[in-house]
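Values in this text are rule-based calculations from the coordinates and carry no lab data. What you are looking at is a predicted structure, and each value in this text was computed from that prediction instead of being measured. Using ideal geometry, Cβ is built from the backbone for each residue, glycine included, and neighbour counts are taken over all protein chains shown.
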Amino acid sequence: MNAPIRNHDVAELKRLDLAHHLPAQADHKVIAELGGSRIVTRADGCYITDGDGHRILDGMAGLWCVNVGYGRKELADAAYEQMLELPYYNTFFKTATPPTVKLAAKIAEKMGGHLTHVFFNSSGSEANDTVFRLVRHYWKLKGQPNRTVFISRWNAYHGSTVAGVSLGGMKHMHVQGDLPIPGVEHVMQPYPFGEGFGEDPAAFRDRAVKEIEDKILEVGPENVAAFIGEPVQGAGGVIIPPDGYWPAVEAVCRKYGILLVCDEVICGFGRLGQWFGHQHYGIKPDLIAMAKGLSSGYLPISAVGVADHIVAELREKGGDFIHGFTYSGHPTCAAVALKNIEIIEREDLITRTREDTGPYLAKALARLNDHPLVGETRSLGLIGAVEIVREKGTNHRFLDKEGEAGPIVRDICIRNGLMVRAIRDSIVCCPPLIVSHAEIDELVGIIE
Ligand code: PLP
């Protein structure tokens, strides 16, 4: 722990929270009934501490993002030094700053091969907005302006902006704001324990991929701009596709000349045991969105990785891509992201996730498979889920009949010192990549 302990008047903070703060993604009636939000005051390693003095194992790495864990003085130092030298300058008007350029080169090195350039933003949602506009701009430059339609999956999460929610497949989010906007079509999520329950995995995979191809033919291939998907769906419930799904999706995209976009906002920076999730699946997307683990959440920064053929088109045809944000390429955020990547490299957190802690988490979760309320456990790298079922051997959820069990189990976990998230009737986890075997045992033990 690096920071000095500061005492906070938690009762007063809760009062101010209720009086003046509208927290994100919240039921404000529930927060009011609770008398204010939980005030998190500090964190170190894999643990957070709240204002009431509870020390809680952070099984969610914040919001799927604190990959290098909390309390990294090096990251604070990187921000401090950059702020003294040049806290801010923009990348509009043909300017750039040293950390921005160095970070772009570093990300290009990690993406490897054909993904050669990056466009910076501040959040995952903004990254997907950039994807949305860049893809449509690209097709206009290519002389195929009718290619405007995006195909996405139900239950995908691509952010909270208008384009992000539209690209996403969360029906309850669509309801607020009358979304999606025109030009987004949704197909089945590749969810073996859900839509594919009891089905042969290869047959289910083929069915899920066929639905994409059918949708392309329905819309007309000449109108389809891109297919977008998270390598492993995170907020949709840690949906790990069946073997061969992604290469088959890639083949369909290539067949019809459609761009393939991977939303790597959660899967990037080691979560699946590779720098990027698509590398685990051996595919070559044309664009990728990244955020979260890029800076381990220490400062807000996101990026879109862009393939060389798209960059070539922009350079050949010219004309402004009239898109960007005040904080695109923010030098202090970029300096922190660079240091964060250096830590991931130095501590070899990616190999560790792939070869050590990831398999350890899988084995630990598997211990829950005998539990009478557990229908399935699954994980890949350091992201996992436990499905709670009403009847062993089925995928019948409590939510079908008696309300959701997930939030009840989640609240019991938190009371017992573990932060996890409930997604419908599953408990999901996504610990920092520095998590130890003992902490994984603690995590699974509390869920049990
Ligand atoms: N894409 C994915 C896959 C995400 O999981 C998220 C956030 O959880 C986003 C996009 C949106 O990122 P942000 O909340 O930084 O806008």
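Taking N as the residue count of the chain, its C-alpha radius of gyration divided by 2.2 N^0.38 Å amounts to 0.97.
Which order, highest average first, do 163-171, 249-257 follow once you tally other Cβ atoms within 10 Å for each residue and take the mean per peptide?
Values: 163-171: 23.3, 249-257: 16.1.
Listed from highest to lowest mean packing, they are 163-171, 249-257.
Considering only Ala78, His117, Thr100, the residue lying farthest towards the positive end of the dipole of segment 20-120 is His117, judged by Cα position with unit charges set on Cβ.
Principal axis analysis of the Cα atoms in segment 256-321 yields extents of 37, 30, 14 Å, listed in decreasing size.
Given q = 0.10, 0.19 Å⁻¹, what are the Debye log10 I(q)/I(0) values for segment 282-401, with equal point scatterers placed on the Cα positions and solvent ignored? Result of the Debye calculation: -0.58, -1.08. Among the listed pairs Lys110/Lys292; Lys110/Lys210; Lys106/Lys140, a Cα-Cα separation exceeding 21 Å is found for Lys110/Lys210; Lys106/Lys140. Within straight-line reach of Lys14, meaning a Cα separation under 20 Å, sit the following lysines at least 8 residues removed in sequence or on another chain: Lys29.
In order along segment 198-205, the Karplus-derived 3J(HN,Hα) couplings, from 6.51 cos²θ - 1.76 cosθ + 1.60 at θ = phi - 60°, round to x, 8, 4, x, 5, 5, 5, 4 Hz, and Gly and Pro are given as x. Note on Tyr89 and Ser37: the model spin-label points, each 7 Å out from Cα along the C-beta direction, lie 3.5 nm apart.
Output the pairs from Lys363/Lys392; Lys102/Lys284; Lys171/Lys284 with a Cα-Cα distance over 27 Å in this structure; if there are none, say none. Pairs exceeding 27 Å: Lys171/Lys284.
Of all aspartates and glutamates in the structure, the ones whose alpha carbon falls short of 13 Å from that of Lys73, not counting any fewer than 8 places away in one chain, are Asp44, Glu81. To the nearest whole percent, what portion of all C-alpha pairs in segment 319-369 is separated by more than 17 angstrom? So the portion of pairs separated by more than 17 Å is 62 percent. Structure remark: mean-square fluctuation, Gaussian network model of the chain, C-alpha springs under 10 Å; the largest value among Pro241, Pro201, Pro98 belongs to Pro98.
If each DSSP helix of 4+ residues adds -39,500 (n - 2.57) and the sum is divided by the residues in the chain, what number results at 222 nm, nearest 500 deg cm²/dmol?
Values: 17 runs with 173 residues, N = 448.
Estimated from H runs of four or more residues: -11500 deg cm²/dmol.
Provide the packing ranking of 46-55, 301-310, 124-133, i.e. peptides ordered by the mean count of other C-beta atoms within 10 Å per residue, highest first.
Numbers: 46-55: 16.4, 301-310: 23.5, 124-133: 25.9.
In descending order of packing, they fall as 124-133, 301-310, 46-55.
Using bins of 5 Å that start at zero, the share of Cα-Cα pairs per bin across segment 148-298 amounts to 2, 10, 19, 23, 22, 16, 7, 2, 0, in whole %. Of the beta bridges in the chain, as assigned by DSSP with both residues counted there, near 65 percent are antiparallel.
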